[in-house]
Structures are given as structure tokens and as C-alpha cells.
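Comments concern the structure below.
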Amino acid sequence: MRVYVPLTLPGLAAAHRTGELGTGPFTAYAVTPALREWYLSDDTEELEYAALGRAALASLRLLAADPGAPRRRVVVAVDVPEGTAAADPGRGLDPAALGEVTVAGTVRLAKAAAVHVDADDAEEDVAAAARALEAADGGDDDAQFVVDGAEDHELLWYATQEVLHLVSRV
């Protein structure tokens with residue numbers, strides 16, 4: 001099962017040092033039955049992209065909590081054995097939990113398929129979105145517009161061999 005693990009650049013640097021994305025349980029995102037129902041698509045690529053987007057939003061939340069981190073969202077795509085990640089069935093179609101899974105056990109960074117990171121030119125919009133996130137969560141439409149502005153930036157794809165280059169500036 002492919003899961004998308006939200007991080008920050010300092011979090012990616014820590015994963016690079018330890019060789020682990022997490023020791024479980026930790027939150028990631030995947031194509032869950034609830035995400036599939038919400039997205040109304042059977043196209044696997046579209047569903048994977050939606051799960052990646054959910055993880056990017058979670059990365060933005062991590063950035064909002066860490067003002068010292070570079071303002072670039074980070075998501076690591078990794079394949080885990082079936083049964084390692086599970087959605088909370090009690091949360092159903094809760095919009096805050098769409099695609100959310102709990103990963104049990106240790107996940108090695110070496111198992112990652114790819115790393116997705118914002119380009120440098122996204123930093124200003126991502127910084128503004130991180131500042132606006134709390135207000136957006138409270139229902140402020142103007143703040144939500146700012147948060148949505150970060151989503152206009154596509155995360156770039158990096159091979160796992162490029163992680164050292166990505167974290168060398170952190």
C-alpha cells in the first residue's frame with residue numbers, strides 16, 4: 001500500500017539521519033474507502049494525487065507549528081506492507097480525516113518511492129498559507145483563499161537519492 005507521509009525539511013533531515021520516517025504509530029495519507037467515496041473516482045492516479053494533496057495540507061499544518069522550518073511542504077511517498085496502515089473507521093467521511101491512516105511499526109526511509117517538495121518559488125505563498133491556516137480552520141473565507149494559494153503550487157518530484165541535496169540546506 002502506498003502512503004504519503006507529511007514532513008517538513010527539518011523532519012526530512014531527521015529521517016535522513018536516522019534512516020526512519022517513523023517508528024509508529026504515526027499519521028500518513030493513502031487512498032482509503034472514505035477518500036474514494038468523497039472523490040467519486042475510480043481512477044487510481046487521481047486518487048493517489050488526492051491522497052498526496054491531503055498529505056501536503058498536513059505538511060502545511062506542520063509548518064504552521066514550526067515557524068523556524070523553511071516554508072516548503074514535504075511529502076514522502078512510501079510503500080508499506082498491507083495491514084501496516086489503517087484508517088479509523090469511526091471517522092467516516094469527516095473532511096478532516098479523508099485519506100488519513102495510522103501507520104504501525106517502523107518505516108525505513110530507504111523504502112521510499114519518491115519525495116515531493118515545493119519549489120523555492122512557492123515559499124512566499126506557503127508561508128502566507130501557514131500563517132492563515134488557523135483562521136481558515138475557523139471559517140474565514142479570505143484566509144481559506146490564502147491557504148488554497150499554496151495548493152496552486154505543484155510539489156516537485158525527487159528521487160530518494162536526492163534527499164541529501166534537499167536537506168543539505170537545512
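The values are calculated or read from the model by the stated rules, or taken from the named source; none is laboratory data. Note that the coordinates shown come from a computational prediction; the quantities given were computed from them, not determined experimentally. In this analysis, Cβ positions are derived from the backbone assuming ideal geometry, glycine residues included, and neighbour counts consider all displayed protein chains.
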Requested in this report: Please enumerate the residues belonging to region 2-42 that are closer than 24 Å to residue 91 by Cβ, of a type in the set (D, E, K, R) and not in a helix (DSSP H, G or I).
Outcome: 2, 42
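Any chance you could count how many residues in region 140-152 are part of a loop (DSSP other than H, G, I, E, B) and modelled with pLDDT of 95 or more?
Final tally of qualifying residues: 1.
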Report task. Answer with yes or no whether residue 71 is assigned to a loop (DSSP other than H, G, I, E, B) and either under 16 Å from residue 150 (Cα atoms) or touching a residue at least 40 places away in the same chain (Cβ under 8 Å) (or both). Result -> yes
Query raised in the report: Residue check, residue 63 against (1) exposed (fewer than 11 other Cβ atoms within 10 Å of the Cβ); (2) part of a helix (DSSP H, G or I), all met but one. Which one?
Result: (1)
Query raised in the report: For residue 91, are the conditions met, namely being of a type in the set (D, E, K, R), surrounded by 18 or more Cβ atoms within 10 Å (Cβ to Cβ) and touching a residue at least 12 places away in the same chain (Cβ under 8 Å)?
Result: no
Query raised in the report: What do you reckon, is residue 37 at pLDDT below 95, acidic (Asp, Glu), out of contact with any strand residue (DSSP E or B) (no Cβ under 7 Å at 6 or more places or on another chain) and under 21 Å from residue 21 (Cβ atoms)?
Result: no
**Report entry** Residue match in region 154-170 (condition: touching a Gly at 6+ places or on another chain (Cβ under 8 Å) and among the acidic types (Asp, Glu))
**Finding:** no
Query - Residue that is farthest from residue 23 (Cα to Cα) [pool: residues in region 74-95 that are β-branched (Val, Ile, Thr) and assigned to a strand (DSSP E or B)] - result: 74
